[in-house]
Every structure is written in structure tokens, then in C-alpha cells.
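Have a look at the structure below, then the notes.
The values are calculated or read from the model by the stated rules, or taken from the named source; none is laboratory data. For clarity, every value in this text was computed on a predicted model and none was experimentally measured. In this analysis, Cβ positions are derived from the backbone assuming ideal geometry, glycine residues included, and neighbour counts consider all displayed protein chains. Just so you know, the surface numbers come from the protein's heavy atoms only, side chains and all, with ligands and any DNA or RNA stripped out. Shrake-Rupley method; radii C 1.70, N 1.55, O 1.52, S 1.80 Å.
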Amino acid sequence: MSPSLSPGRAKAPNGRIAYVNGRYIPHARASVHIEDRGYQFADAVYEACEVRDGAIIDLTRHLDRLDRSLAALRISRPMSRPALVFIVREVVRRNLVHDGSVYLQVGRGVARRDHPFPSAPVAPSIVITAKHTDRATSERLASAGIGVITLADNRWGRVDIKTVGLLANVLAKQAAREAGAREAWFVDAGGFVTEGGSSNAWIVTADGKLVTRPDSAAILSGITRRGVFDVAKVAGLTVELRPFTVAEAKAAREAFVTSATSIVLPVVAIDGNPVGNGHPGSIALELRLRFHDVAEATLVVN
Ligand code: PDD
């Protein structure tokens with residue numbers, strides 16, 4: 001086993017480092033201005049990518065989505081793509097993250113508090129952090145499966161833009177935690193599941209088809225969801241892009257969620273009702289196992 005695989009060693013020797021507006025700063029001292037519009041108005045977007053075996057997973061797709069989020073809000077890009085890739089890798093490298101995640105947030109910038117965009121152009125703010133997570137713990141969670149609760153989707157109408165305005169998601173995930181579950185599934189006015197508080201929602205039908213909601217303003221177009229489309233293609237599985245109800249999910253053969261930080265996690269209970277036989281489904285576990293065979297891996301050289 002390489003030393004960086006043991007959890008205690010996978011830490012930066014001098015503590016964590018964050019990249020904040022042009023500088024690498026000790027994490028404990030890293031801060032933003034009190035009139036940063038991300039802080040005051042959630043006027044900022046973000047990405048979170050998995051780091052696995054010292055590589056950043058699906059970085060191109062994440063940065064493409066970051067560009068789409070920035071364009072949707074008319075926030076200018078903080079720097080060129082190659083410069084951004086360099087710094088993202090550098091933050092992972094400086095933090096010696098072998099398995100974990102890298103987070104980047106870009107906001108409209110700092111200006112005297114006033115709701116409309118600043119009239120004089122300001123530089124966008126950028127923060128990049130990386131953290132270690134223990135792979136064995138994630139694997140244990142996947143082998144056990146997770147419970148989800150369902151609740152009304154009370155978010156704004158453009159959740160396809162990955163903004164840091166996540167209060168509804170925070171409250172939903174806290175409700176899940178208090179109910180002894182790991183995720184909350186939002187449900188639209190028609191009774192159809194939109195997505196999870198921090199993941200996309202899927203079911204597997206009795207005849208083994210994967211079902212997930214099509215792209216629209218009502219869900220985030222997940223990068224892991226896209227990756228699972230790729231895995232499904234290779235594995236010869238059919239994906240049906242359509243909404244499903246809570247009742248259909250409760251009666252499904254399997255259910256699972258996808259996100260960059262959890263990859264594929266089997267759902268074994270919905271609102272306390274077991275899904276299938278109450279154990280992680282074989283298709284979900286297979287997708288999890290094969291995900292990294294098809295995903296892009298951008299190596300970070302230490
Ligand atoms: N969240 N839907 C929501 C609301 C999310 O917050 C996320 C990811 C996803 C899955 O997208 P992706 O596969 O691109 O990670 C769907 C990240 C992990 C987060 O907020 O930390």
C-alpha cells in the first residue's frame with residue numbers, strides 16, 4: 001500500500017492550503033471580503049469534483065458546466081481554461097489529496113451592497129479548496145446502501161445552474177439526517193421526483209431499465225449522471241429519460257443516487273419503506289464498480 005493511501009498520511013504536511021483570488025493561503029487563514037456578492041447574495045456558482053487515486057475525475061465536463069453556469073448568470077470567467085486547470089491541480093497537489101474532492105467557487109466579485117450587478121466592472125472572485133476523504137468509509141456506505149426521505153421541491157426555478165444558493169438543499173438534507181436518512185429527494189407539484197439535495201435520483205425498473213429525469217431547469221445536469229449514461233452504454237443497459245413518481249420509486253427493483261462525491265450510492269429505503277429486498281441493488285453496485293473505467297482522469301503529479 002502506498003503511504004498516501006493510509007488516511008492519517010494523506011494530509012498536507014503543513015496543513016491545508018486554499019487558493020483565494022490569486023494566492024495560495026493556509027486554509028485556517030483563508031477568507032473573502034464581507035461584501036463578496038457570493039457571501040451576501042449567493043451570487044456565485046461552484047463545482048465539486050472527485051479526486052481518486054491522485055487524479056481529478058471528469059474535470060473537463062465539470063469545467064464545461066462551470067462555463068455554462070457562469071454564462072447563465074453573466075459572470076465573467078476568472079481566467080483561461082488552462083490556467084484554471086493548472087490551479088485546480090495545484091490545489092489538489094499542495095494538499096496531497098489522493099482520494100477526496102476539489103471544490104471551486106466563482107462569484108460575481110466584491111462590490112458595495114446593491115442588488116443589481118455592479119455598474120463598474122469588478123473582478124470575479126475565485127476560491128478553490130481540496131479535501132481528503134476516506135475511501136473505505138465510502139465503500140462501506142455503498143455496501144450498506146442509504147435511506148432517502150421525500151419532500152416538496154421548494155427551490156427556485158433554475159436549479160440547472162449550479163449556484164451556491166443552496167438553503168433549500170441544506171434544510172432538506174438536515175431533515176433527512178434528522179429522519180435517520182442520508183439524502184432527501186425533492187418532489188415536484190405533480191408528484192414526480194426531481195432530484196436529491198446533492199445528487200441525481202434514479203430507479204431501476206422490473207425489467208432492468210435505468211430511469212432518470214431528463215435535463216430541464218428542474219434538475220442539475222449531473223456530471224456523474226452523464227458518466228452513468230456512458231457506463232450504461234458500454235454495459236448494454238437501457239436508460240429511459242422520464243420523470244418517475246415516489247410511488248413508482250418505492251415499488252422499483254432498485255433505486256440509487258449519483259454525484260461526484262458519492263459516485264453511485266444504492267438507495268435501500270424511501271420514506272422508511274424498503275426498496276426491492278431492502279439491500280443494495282446489483283445494477284447500482286455494478287454501475288459504481290465500472291464508473292471509473294469510463295470516466296476521464298486528470299492526473300495530479302505530486
Ligand atoms: N452536488 N443535484 C444536485 C442538487 C447536486 O448538488 C449535485 C452535486 C448533483 C450531482 O451532480 P454531479 O454528478 O455533477 O456531482 C445533482 C455536489 C457534489 C455538491 O454540492 O457537493
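Give just the number: which of (1) over 26 Å from residue 136 (Cβ atoms); (2) away from the ligand (no atom under 13 Å from the Cβ); (3) out of contact with any helix residue (DSSP H, G or I) (no Cβ under 6 Å at 6 or more places or on another chain) does residue 167 not satisfy?
(2)
Answer with yes or no whether residue 159 is of a type in the set (A, V, I, L, M, F, W, C) and in the same structural domain as residue 66 (by TED's automatic domain parsing). It would help to see each step written out before you state the result.
Values: of a type in the set (A, V, I, L, M, F, W, C): yes; in the same structural domain as residue 66 (by TED's automatic domain parsing): no.
Taking the combined requirement at face value, the residue does not satisfy it.
Can you report the number of residues in segment 141-164 which are open to solvent by 40 Å² or more (accessible area, probe 1.4 Å) and either in contact (Cβ under 8 Å) with a residue 60 or more places away in the chain or assigned to a strand (DSSP E or B) (or both)?
Of the residues in that region, 9 qualify.
Would it be correct to say that residue 106 is under 30 Å from residue 136 (Cβ atoms), crowded, with 20+ Cβ neighbours inside 10 Å, in the same structural domain as residue 33 (by TED's automatic domain parsing) and aliphatic (A, V, I, L, M)? Please lay out each step first, then the result.
On the way: under 30 Å from residue 136 (Cβ atoms): no; crowded, with 20+ Cβ neighbours inside 10 Å: yes; in the same structural domain as residue 33 (by TED's automatic domain parsing): yes; aliphatic (A, V, I, L, M): yes.
In short, no.
Would you mind stating whether residue 138 is within 18 Å of the chain's Cα centre (by Cα), of a type outside the set (A, V, I, L, M) and away from the ligand (no atom under 12 Å from the Cβ)?
Details: within 18 Å of the chain's Cα centre (by Cα): yes; of a type outside the set (A, V, I, L, M): yes; away from the ligand (no atom under 12 Å from the Cβ): yes.
Answer is yes for this residue.
Restricting attention to segment 28-51, which residues are closer than 30 Å to residue 294 by Cα and surrounded by fewer than 20 Cβ atoms within 10 Å (Cβ to Cβ)?
Step one: of segment 28-51, the residues closer than 30 Å to residue 294 by Cα are 45-51.
Answer for segment 28-51, where residues must be closer than 30 Å to residue 294 by Cα and surrounded by fewer than 20 Cβ atoms within 10 Å (Cβ to Cβ): 46, 48.
Looking at residue 85, is it within 16 Å of the ligand (Cβ to nearest atom), within 26 Å of residue 299 (Cβ to Cβ) and surrounded by 15 or more Cβ atoms within 10 Å (Cβ to Cβ)? Quick ask: steps written out before the conclusion?
Values: within 16 Å of the ligand (Cβ to nearest atom): no; within 26 Å of residue 299 (Cβ to Cβ): yes; surrounded by 15 or more Cβ atoms within 10 Å (Cβ to Cβ): yes.
Here the answer is no, as residue 85 does not meet what is asked.
Against the conditions (1) away from the ligand (no atom under 14 Å from the Cβ); (2) not in a strand (DSSP E or B), where does residue 268 fall short? Just the number, please.
The one condition residue 268 does not meet is (2).
Can you name every residue in segment 201-257 that is closer than 20 Å to residue 151 by Cα, open to solvent by 50 Å² or more (accessible area, probe 1.4 Å), assigned to a helix (DSSP H, G or I) and of a type in the set (A, V, I, L, M)?
247, the sole residue that qualifies.
Can you work out which of the residues in segment 276-301 that are open to solvent by less than 50 Å² (accessible area, probe 1.4 Å) and within 16 Å of residue 51 (Cα to Cα) is farthest from the chain's Cα centre (by Cα)? Outline the logic, then answer.
Quick first cut of segment 276-301, residues open to solvent by less than 50 Å² (accessible area, probe 1.4 Å) only: 276, 278, 280-281, 283-284, 287-288, 291-292, 295, 298, 300.
Narrowing the set further to residues that are within 16 Å of residue 51 (Cα to Cα) leaves 288, 291-292, 295, 298, 300.
Details: 288: 15, 291: 15, 292: 16, 295: 15, 298: 17, 300: 20 Å.
Looking at the filtered set, the residue picked out is 300.
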